[in-house]
1. Test Gly48 against the criterion of being within 16 Å of ligand 2 (Cβ to nearest atom), modelled with pLDDT of 95 or more, open to solvent by less than 60 Å² (accessible area, probe 1.4 Å) and not hydrophobic (A, V, I, L, M, F, W, C), and give yes or no.
2. Does region 13-52 hold any residues that are in a strand (DSSP E or B) and either touching a helix residue (DSSP H, G or I) at 6+ places or on another chain (Cβ under 9 Å) or within 8 Å of ligand 1 (Cβ to nearest atom) (or both), and which are they?
3. Out of region 207-242, which residues are surrounded by fewer than 13 Cβ atoms within 10 Å (Cβ to Cβ) and either among the hydrophobic types (A, V, I, L, M, F, W, C) or free of Cβ contacts under 8 Å to residues at least 40 places away in the same chain (or both)?
4. Any residue in region 5-30 that is closer than 20 Å to Ala166 by Cβ and modelled with pLDDT of 90 or more sitting within a Cβ distance under 8 Å of a residue that is assigned to a loop (DSSP other than H, G, I, E, B) and among the hydrophobic types (A, V, I, L, M, F, W, C)? List the pairs, counting only those 6 or more apart or interchain.
Amino acid sequence: MLQVKHLKASVSDDSGNTPILRGIDFYVKAGEFHLILGVNGSGKSTFGKVLLGSSQYQQIDGSIKFLGEEISEKPTFERSQMGIFLSHQSAPALEGISAKEVLRASDKASAHKRTLFRFKKSLKESLSASGLSENFIDRDLNVGASGGERKKMEIASLLTIGAKLAFLDEIDSGLDVDALKMVSAGINTFSKNKENAVILVSHSETILKYVKPTHVHVFCGGRIVASGGMELAEKIHEEGYASVQDCEACIKNI
Ligand code: ADP
Ligand code: MG
């Protein structure tokens, strides 16, 4: 589904270009669930944004193929239409447009646009899977919404618009245990479909009680410094990052 080869990206700012991603190789097949770990500032969020073609960054080397097609030159909306979804770390509020209208517009613009009847059915299922009420999505998008409601709204969007690859960046941060269970159930509903795949960035062990990644990667200094199965995550949670990487060398690289 996703083939990222030797991806290098830098931030476009006034001081010229600061490299952030320094050669990422990352492969995801349909049905897989990848967990990304890594110290703060190691490039995890940048990776998600570069996958979606954020204008904040310049891809300076490497390739990104999604469903067999090179997407490096494609604008964000086309990558999204092809089925890549990036959750917001702090989703914005928009006055004057309801959450339902945003979801319907996203569905209409997607490659898998549904009839109104099928959209409504999918919306109903997504709301029940993410724990949001009909009342919430009739309100202006995220206006006055709690952190938990915003995260649930991200999951409802993921499920409604029929994405194939979900990049979920700290979707569990700041959630109480009930909201965390609901968001996890939504992620599991998505990943139950073996045509889909998930990339989850998380610092917390708690979400791993409810979702089951198949692959684990550790980012450091804009590179992947270790990959494995859940035993890698367990080692890091018990013994810290220094147990799987030479932190000083990584930091020097930054
Ligand atoms: P992580 O998600 O692993 O905590 P990030 O991808 O957010 O890390 O950031 C990686 C590094 O790139 C950090 O040092 C961060 O300050 C820098 N960075 C990311 N985005 C920008 C930006 N838009 N402008 C300047 N620096 C940035
Ligand atoms: Mg981040």
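The values are calculated or read from the model by the stated rules, or taken from the named source; none is laboratory data. Note that the structure is a prediction, hence the values are computed from the model and not measured. Note that we place each Cβ from the backbone using ideal geometry, even for glycine, and neighbour counts take in every protein chain shown. Please note that ligands, DNA and RNA were not included when accessible areas were found on the heavy atoms of the full protein model with its side chains. Shrake-Rupley method; radii C 1.70, N 1.55, O 1.52, S 1.80 Å.
1. Here the answer is yes, as Gly48 does meet what is asked.
2. Within region 13-52, Asp13, Thr18, Ile20, Leu21, Arg22, Ile24, Phe26, Phe33, Leu35, Ile36, Leu37, Gly38 meet the criteria.
3. Lys209, Gly229, Glu231, Glu238, Glu239, Gly240, Ala242
4. Every condition considered, the pairs that remain are Val28/Met1; Lys29/Met1; Ala30/Met1.
Yes/no matrix, rows are residues, columns are (1) in contact (Cβ under 8 Å) with a residue 40 or more places away in the chain; (2) under 14 Å from the mean Cα position of the chain (by Cα):
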{"position": "Gly144", "(1), (2)": "yes, no"}
{"position": "Glu149", "(1), (2)": "no, no"}
{"position": "Leu159", "(1), (2)": "no, yes"}
{"position": "Asp176", "(1), (2)": "no, no"}
{"position": "Leu180", "(1), (2)": "no, no"}
{"position": "Gly186", "(1), (2)": "yes, yes"}
